[in-house]
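The values are calculated or read from the model by the stated rules, or taken from the named source; none is laboratory data. Please read all numbers here as calculations on a predicted model, not as lab measurements. All Cβ positions, even for glycine, are placed from backbone atoms using ideal geometry, and neighbour counts span all protein chains on display.
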Amino acid sequence: MIDSLLAHDRIRAARAHIERSDEVTLARQAELSAIPAPTGSEAARAAKVVELFAGVGLHDVAVDQVGNVHAWYGKREPAAGCVLLSAHLDTVFGPELDVSVARRGDRLEGPGISDNARGLAALVTLGEAMVCARVATHRPVLFAATVGEEGSGDLRGVRHLMKGYSTNRPHAFIALDGAGIERIVHRALGARRYRITYHGPGGHSWAAYGVANPAHAVGKAIDLIARIPTHHAPRTTRSVVRLGGGSSLNSIPQTAWFDIDLRSEDARELERLDESLQMIVGRTLQEENRQRATGTAPLTLTVERVGDRPSGLTPRTHPLVQAAVAATRAVGHEHQLACASTDANVPIALGVPAVALGAGGRAGDAHLPTEWYENDKGALGIVRALLVTVAMAEAPAA
C-alpha cells in the first residue's frame, strides 16, 4: 500500500511540498508556540490556527462549542466515514510563564515548542501539501486542533469531537503529538487523577492539640500509597503530584489535600490500583479519627475524581498500525510500537482505530520551561503522517 503511494505523482508532489516548506513549517511552529495556550485558555492560539487552516486552502473552517478548530479536505459526505487528523492546542504551562521562542540554528527553544506546537505546525503543512498537490482521496479528511488534551483538560476537546460523530464514527483517527519519527502509539495509557481532601475543625497547634489533624491524615495516606506494589508488565504507576493545606505555622489546618495520578497499561490493573487508593484514604480517615481527643469533631473526607483517561489498544495487526509501520520504514526508520496517554485514548476506547505519531525532528525537556526542538529530519515526520493519512483515506491507484 505505502509503496504504491510513494509512486503516485500527486503524493510525490505533496511530499516535495512538505520538504520545500521545511523553513515555513518551523516559522509557523515558533509563531504558534509563542501564543500562550494554557489548558482552558486556548482561544488565542485557536484563532491563529483558524487563520492558517483557511490560508492553506482547507474548507469549512470553524470553531466548535468547546473551542476545537475544524477544517475539511475533500468532499464532506456524512456516509463516507472520515479520516480524522488531530493535534492539540493546549500546553501544560500557566499564563504567568513567558512562552517566547529563541532560535539557535536548527534548534528552537521555548515552553511547548515541541508539545504541541510541532504537531500543530505539521497539521497545517500536511493540509497545505494535500491542497497544493490536489491529492485525491475516497474519504474526506477532517483536520482538528483540539483543546484540553493536557492534565486537567482530561481530553475534553477530543471527547466533544468524538461525541459529534457518535452515529458516523471516523474510519481512522491519527493524532500528531510532539516530535519524533519512529514511535507509533497504538496502546492508550489509562489514567485516573484524584484530589483527596481531609477536613477537620482546626485550631491552635498548642491549645487545640488533640483534635483530628488533616495534615497528619494526608501524611499517613501518602506513606501507605508509596507502599502499594507497582508493576513493570503491564507497567503501572502511582504518583502523588501535589499537596497542600493549612493557614499558618501555629495552626492545626482545617483542610489538607493531595493530588494523585494513577496510570496503567492494563484497565484491570488500573481498577485494582484505584481500589487500593480508596481503601487507604478511608482507612487513614478512620485511624486519625480514632486518635482524636474525646468530644472533638471528626475528620471528613472528600474524594474528587479530576481526570479519567480510558485505556485500550488498536491491535498491531490493524491496517492503520500496519500503515504507520510501513510509512516509518518508507522514510528510512525502524518503528517503535508504544503506549502513551494522548488524544488517541478516546477514539480507541470507543472502538475507533487510532494512533498517535510524532511530527518529525528531535525534542527534549518536555513539560519544562527549557523545552527544545531540533529539526533533524523534521520534514520526514510530516511525510510519514501524510502517507498514513492518505493510506487510510484510500487514495486512488497511481
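If a residue has to be free of Cβ contacts under 8 Å to residues at least 24 places away in the same chain and either assigned to a helix (DSSP H, G or I) or not assigned by TED's automatic domain parsing to the domain that holds E287 (or both) to count, how many in the range 183-219 make the cut? Going through the range 183-219 one residue at a time, the tally reaches 1.
Do you know which of the residues in the range 264-280 that are surrounded by fewer than 17 Cβ atoms within 10 Å (Cβ to Cβ) and of a type in the set (A, V, I, L, M, F, W, C) is farthest from the chain's Cα centre (by Cα)? Restricting to residues being surrounded by fewer than 17 Cβ atoms within 10 Å (Cβ to Cβ) and of a type in the set (A, V, I, L, M, F, W, C), the top hit is M279.
Counting the residues of the range 231-251 that are surrounded by 13 or more Cβ atoms within 10 Å (Cβ to Cβ) and either over 29 Å from the mean Cα position of the chain (by Cα) or in a loop (DSSP other than H, G, I, E, B) (or both) gives 4. State yes or no: is T125 β-branched (V, I, T) and part of a helix (DSSP H, G or I)? For T125, the condition - β-branched (V, I, T) and part of a helix (DSSP H, G or I) - is met. Would a scan of the range 54-68 turn up a residue that is under 16 Å from the mean Cα position of the chain (by Cα) and either surrounded by 24 or more Cβ atoms within 10 Å (Cβ to Cβ) or of a type in the set (S, T, Y) (or both)? Looking through the range 54-68, at least one residue is under 16 Å from the mean Cα position of the chain (by Cα) and either surrounded by 24 or more Cβ atoms within 10 Å (Cβ to Cβ) or of a type in the set (S, T, Y) (or both).
Just one of the numbered conditions (1) free of Cβ contacts under 8 Å to residues at least 24 places away in the same chain; (2) outside any helix (DSSP H, G or I); (3) farther than 30 Å from A207 by Cα; (4) not hydroxyl-bearing (S, T, Y) is not true of E275: (2).
When the range 32-52 is filtered for residues that are surrounded by 19 or more Cβ atoms within 10 Å (Cβ to Cβ) and in contact with a strand residue (DSSP E or B) (Cβ under 7 Å, 6 or more places away or on another chain), the ones remaining, listed by number, are A37, P38, A46, V49.
Table: residues versus (1) part of a strand (DSSP E or B); (2) among the small types (G, A, S); (3) buried (at least 17 other Cβ atoms within 10 Å of the Cβ); (4) in contact (Cβ under 8 Å) with a residue 40 or more places away in the chain.
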position	(1), (2), (3), (4)
W257	yes, no, yes, yes
L262	yes, no, yes, yes
G282	no, yes, no, no
G295	no, yes, no, no
D308	yes, no, no, yes
R316	no, no, no, yes
L320	no, no, yes, yes
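Of the residues making up the range 362-377, those that are buried (at least 17 other Cβ atoms within 10 Å of the Cβ) and touching a strand residue (DSSP E or B) at 6+ places or on another chain (Cβ under 6 Å) are R362, A363, W372, Y373, E374. Under the condition of being in a strand (DSSP E or B) and among the small types (G, A, S), which residue from the range 155-182 is nearest to D115 (Cα to Cα)? Looking at residues that are in a strand (DSSP E or B) and among the small types (G, A, S), I get A175. Looking only at the range 124-153, residues that are closer than 16 Å to L89 by Cβ and not acidic (D, E) come to 12 in all.
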